[in-house]
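Below: the structure, in structure tokens.
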Amino acid sequence: MKKLVIVGRPNTGKSTLFNALTNSRDALVHDRPGVTRDMVSLPMPNRPWTVFDTAGLENAKSGIAHDSTDIAINAIAGADAVLFVVDGRVGLNPMDIEWAKLVHKKTKAPTLLLINKTESTKRLSDIHDFYKLGFGEPVLISAEHKRGFDDIYEFIDKINPNEIVEETDKKEIKIAVLGQPNVGKSTFVNRVLGEKRQIVMDAPGITRDTVKIPTKFYGRDIVLMDTAGLRRKAGVTDDVETLSALKSLDAIEKSDIVILIVDATKNIENQALSIASRVYDAGKILCVALNKWDLVDEAEREDKLLKLKHQFTNSFHQIIKPLILAISAEHGTGVQNLFKRIYEQWDISNADTPTSLLNRIIEKLVAERQPPMSRLKRPMKIKFAHQTGHHPIKITINVGGASDIPESYTRYLRRGIATALHTEHLPIVIEYKKSENPFD
């Protein structure tokens with residue numbers, strides 16, 4: 001896949017253009033300049049290109065703006081093609097000229113100049129000024145209304161006209177990295193990638209977008225999803241943080257596995273437990289990563305780990321035995337073992353349980369504890385069970401008689417099945433199917 005990198009000053013509409021070219025909403029869009037910080041990438045539908053949305057280029061000697069600009073510059077250097085975006089309403093800005101010089105210096109890749117926000121010609125500045133940028137004839141577009149995109153497609157199709165997008169059945173495991181602010185999520189992602197792809201600072205709220213990064217780690221093709229830190233609703237007053245939080249929660253639904261990063265040097269807060277509850281309710285595989293384990297006193301580690309496991313075990317009925325592992329994202333300790341364990345859980349969740357084995361397990365459980373009577377004083381008869389789904393494991397039980405099975409009995413069956421199948425770390429969904437035989 002070739003790399004198409006979108007660059008320009010802050011607030012020229014780069015993220016809106018990215019979303020339009022990738023048919024997604026992955027890039028956070030807001031009127032405020034500087035919202036994009038980390039680089040976001042997605043494949044372009046029906047074309048052999050990966051599109052990269054970069055942060056607005058800014059002259060900064062340090063801080064977030066410096067780091068995000070540095071990441072954007074590195075992306076320009078590795079691009080196969082560049083889309084340089086300017087604001088048609090504002091007109092040519094001196095910084096446009098400065099950044100255009102940098103693009104000419106950093107890459108020989110073909111560059112297309114896009115004048116965005118040209119919905120109304122009455123508000124359009126003199127386009128002839130933009131020839132000073134040295135990219136040739138500019139293209140007028142409206143990223144918001146998807147106007148002028150034919151010229152973009154023509155531009156990239158000329159670069160590799162004979163390359164065809166091949167359909168692939170390759171299954172990439174989608175792994176979302178969640179947690180509260182400043183627990184080390186981006187440090188963890190950079191450790192897995194082996195490069196500084198995400199901005200890392202000792203301050204909360206640095207990551208805003210949910211950044212999806214395809215990679216290969218420990219022998220598997222995965223998509224890492226670095227998310228914005230989640231705080232309690234009462235602590236969120238900024239609308240950009242609200243949008244970021246919604247994207248983080250959406251990542252749970254779009255993931256296969258969730259790695260919940262928590263700070264091992266602190267006590268587990270209710271917010272972390274709330275995130276875990278959402279993951280379990282969504283039927284996703286969860287691994288709790290105790291980050292900064294190297295900073296915990298060795299004499300306290302065993303007691304602390306037991307306490308945390310006890311806290312998680314007592315907080316949720318959806319899971320029998322939470323998967324909790326100690327790591328240091330900064331030093332890489334335990335990271336490879338973490339992925340080994342979550343891959344194991346993925347494979348177990350992907351396996352089929354023999355129907356005969358499942359029915360023997362349930363028969364034994366029913367014999368040890370009979371189902372309660374229904375509200376109408378009718379007994380429940382468990383007739384047949386079989387596995388009907390993966391990720392999460394789904395068990396369908398055909399029943400006769402009572403149909404209002406109490407949740408307490410369902411939890412009993414779930415726990416018994418998980419223990420017998422050694423799937424204590426995985427969510428199991430049990431559903432009941434009423435027998436259609438009217439004489440039962």
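The order of the peptides 140-153, 42-55 by mean Cβ neighbours within 10 Å, most packed first, is 42-55, 140-153. The slack in the chain from Lys101 to Leu295, taken as 0.36 nm per residue of separation less the alpha-carbon distance, amounts to 65.3 nm.
Which value in Å does the Kirkwood hydrodynamic radius of segment 286-440 take, with 1/r averaged over all unlike C-alpha pairs and then inverted?
Values: mean 1/r = 0.0563 Å⁻¹.
Answer for segment 286-440: a Kirkwood hydrodynamic radius of 17.7 Å.
So for each of 103-114, 345-356, 175-186 I average, over its residues, the number of other beta carbons within 10 Å; can you give me the resulting order with the highest mean first?
Working: 103-114: 18.3, 345-356: 13.6, 175-186: 24.2.
Result, highest mean Cβ count within 10 Å first: 175-186, 103-114, 345-356.
Using a ≥ b ≥ c from the Cα gyration tensor of segment 92-162 (square roots of the eigenvalues), is it rounded, prolate or oblate, where a/c under 1.5 gives rounded and otherwise the larger of a/b and b/c decides, a/b for prolate? Here segment 92-162 falls in the oblate category.
Taking R0 as 30 Å, what's the FRET efficiency between Lys158 and Lys61 from their Cβ-Cβ distance, rounded to 0.05?
Working: r = 39 Å, r/R0 = 1.30.
Here the calculated transfer efficiency is 0.15.
For Ile397, the residues 5 or more places off, or on other chains, whose built amide H falls under 5 Å of its own are Glu431, Tyr432, Lys433. Computed from backbone phi with θ = phi - 60° and the Karplus coefficients 6.51, -1.76 and 1.60, the 3J(HN,Hα) list for segment 325-337 is 10, 8, 9, 10, 5, 5, 9, x, 5, x, 5, 5, 5 Hz; x is used for glycine and proline.
Given a Förster radius of 45 Å and the C-beta distance between Lys132 and Leu193 as r, what FRET efficiency does 1/(1 + (r/R0)^6) yield to the nearest 0.05?
Working: r = 38 Å, r/R0 = 0.84.
Working from the Cβ atoms, E equals 0.75.
Kindly provide the GluC sites (Glu not before Pro) of segment 259-317 that DSSP labels as loop, not H, G, I, E or B, and whose Cβ sees at most 16 other Cβ atoms within 10 Å. Those satisfying the criteria are Glu269. Using only the Cα atoms of segment 257-331, build the gyration tensor, take square roots of its eigenvalues as a ≥ b ≥ c, and label the shape rounded, prolate or oblate: rounded if a/c is under 1.5, else prolate if a/b is larger than b/c, else oblate. Here segment 257-331 falls in the prolate category.
Bear in mind that the values in this text are calculations on the coordinates, not laboratory data. This is a predicted model, so every value here is computed, not measured. Neighbour counts are summed over all protein chains in view; Cβ atoms, including those assigned to glycine, are modelled from backbone coordinates with ideal geometry.
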